[in-house]
Amino acid sequence: MNFRDLFKDTVATLWAHKLRTFLTMFGITWGIISITLMVAAAEGLRVGIKRNNESFGKDIMIFFAGRTSMQAGGARAGRKIGFHEDDYQAIDEQSPACRFALPEIGSQVQLRSRYNSGNLLTVGSLPPFAEVRSIDVGEGRFYDDADVANVNRVVFLGSDAKKQLFGSREAIGETVWLGDIPYTVIGVMKAKEQNSSYDGQDIRKIFIPYSAIVRDFPNQPPIPPHTIDHMLVVPKSLALHKDCQREALAALGVIHNFNPKDEEAVFIWDTIKNAQANALIMDGMEYFMGAVGIVTLFLGGLGVMNVMLVAVRERTREIGVRKALGATRQSILSQFFAETMIIAFLSGGVGMGIAYGFCALVDLLPMPQVFAGLLPTWQSGVLALVLLSTIAVTSAMYPANRAAAVDPIEALRHEAGG
């Protein structure tokens, strides 16, 4: 029997038992759908959380000045640390594993435009701040090195700050008064969702060069002059994360006479560590969901095997007649093997089609901030295909061997006696 005849004979047999075939296929189909949807949901959650975290900042450590808990260099414990405005330069010079060390000053300033006024947080830092804190330009530009060097009075507006001060009007080139000091608007931020912050949402802030905020808005008592309370530190790569942190703490420890191992002297908000912890949680969730889907798929495979064993028993006389007429063991084996494989792969194909179609439909809907949708990956597709192939072959071999091992004389005698 050639392959074409084998295929036609197999399809005809399956069609003759439509209900049994459908119920058999359902287990495999549901298993494939389960694996695909569960892994897609976990991937969507992973991507959503990562994207949400990056809306705050990419791979940064925020160093907050604290209070010493250890003696160092003869200085007592319990001293309050205050970073100096220029401390970032020492980190830049002495920390080869760090890409950026950025000072940041925030000052609540009364400001106004020709159209409206407000009391918004004014933030001063260096130009890489926009990249590090995921502040994308919607219109115009962010301030640059020349603005910092020349102490230019230019301002970049958060998207909500722009709406408050100018409404729907054009803001680029307009003047904003910070207190009584005029600043020229050079850019507007693109709106973004932000999951966390230490001083408010970026869309509600305005941003000016570091040199300008130091000159125009110096610290007022009781805050010591020329001090800042935090800095942003960025490693050159994730692999250099720990080295960058160690080097930056060592540089600050020399300046402020504290032990770099004193965890109270500098509090670090480490977004890298948080991202790694989230990744571990997501990996565990993805493995668990995948395992549930795999179990479901294996149960479907057992259902296929069970139904095919019943089919072998029901068709004992048919097998006996075929063998009596000269059918070889190989041809019987091939037919039952082909029936099982067709059931398994047809079920798997239907399951994949339903799962991917459902993912596409769900992804058309608006998603929560921390969920990117159902995102099936090529890895999950390959996993489903490999598992499907394994289960199909496993489910096919035993029933097919049972069918091929039927003795024609015993089969005919059994049916006659029945």
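The values are calculated or read from the model by the stated rules, or taken from the named source; none is laboratory data. Keep in mind that what you see is a predicted model, and the values were worked out from it rather than measured. All Cβ positions, glycine included, derive from the backbone under ideal geometry; neighbour counts span all protein chains shown. Quick note on the areas: whole protein, heavy atoms, side chains included, nothing else; ligands and nucleic acids left out. Shrake-Rupley method; radii C 1.70, N 1.55, O 1.52, S 1.80 Å.
Would any residue of region 107-132 have its amide N under 18 Å from a label point 7 Å out along Cα→Cβ of T184? List them or say none. Of the residues in region 107-132, 113-114 have backbone N under 18 Å from the label point off T184. Look at the Cα gyration tensor of region 117-232: its axes a ≥ b ≥ c give a/c under 1.5, and that counts as rounded.
Suppose R0 equals 56 Å. What FRET efficiency, 1/(1 + (r/R0)^6) with r the Cβ-Cβ distance, do D243 and L346 give to the nearest 0.05? Walk me through the numbers on the way to the answer.
Values: r = 55 Å, r/R0 = 0.98.
The pair D243/L346 has a calculated efficiency of 0.55.
Taking label points 7 Å from Cα along the Cα-to-Cβ direction, T227 and N150 give a separation of 3.5 nm.
Using the beta-carbon distance between K261 and I281 and R0 = 30 Å, what value does 1/(1 + (r/R0)^6) give for FRET efficiency, to the nearest 0.05?
Values: r = 29 Å, r/R0 = 0.95.
Using R0 = 30 Å, I get an efficiency of 0.55.
Among the protein heavy atoms of region 206-280, carbon and sulfur supply 62% of the accessible surface, probe 1.4 Å, non-protein parts ignored.
Once both labels are positioned 7 Å from their Cα atoms along Cα-to-Cβ, the gap between L364 and Q108 label points is 4.8 nm.
If R0 is 56 Å, what FRET efficiency do you get for Q379 and N219 from their C-beta distance, rounded to 0.05?
Numbers: r = 53 Å, r/R0 = 0.95.
Once the sixth-power term is evaluated, E becomes 0.60.
Once the 1.4 Å probe is applied to the protein heavy atoms, region 54-200 comes out at 44 Å² accessible per residue. Judged by the gyration tensor of its Cα atoms, with axes a ≥ b ≥ c, region 104-167 is prolate; a/c meets the 1.5 cut and a/b is the larger of a/b and b/c. From the alpha carbon centroid of region 111-174 to that of region 348-371 is 40 Å. Rolling a 1.4 angstrom probe over region 87-132 with all protein chains present gives an accessible area of which 41% lies on carbon and sulfur atoms. With the cut-off at 26 Å, tell me which of the pairs K163/K273; K50/K80; K80/K236; K50/K190; K236/K261 have Cα atoms farther apart than that. With Cα atoms farther than 26 Å apart: K163/K273; K50/K80; K80/K236.
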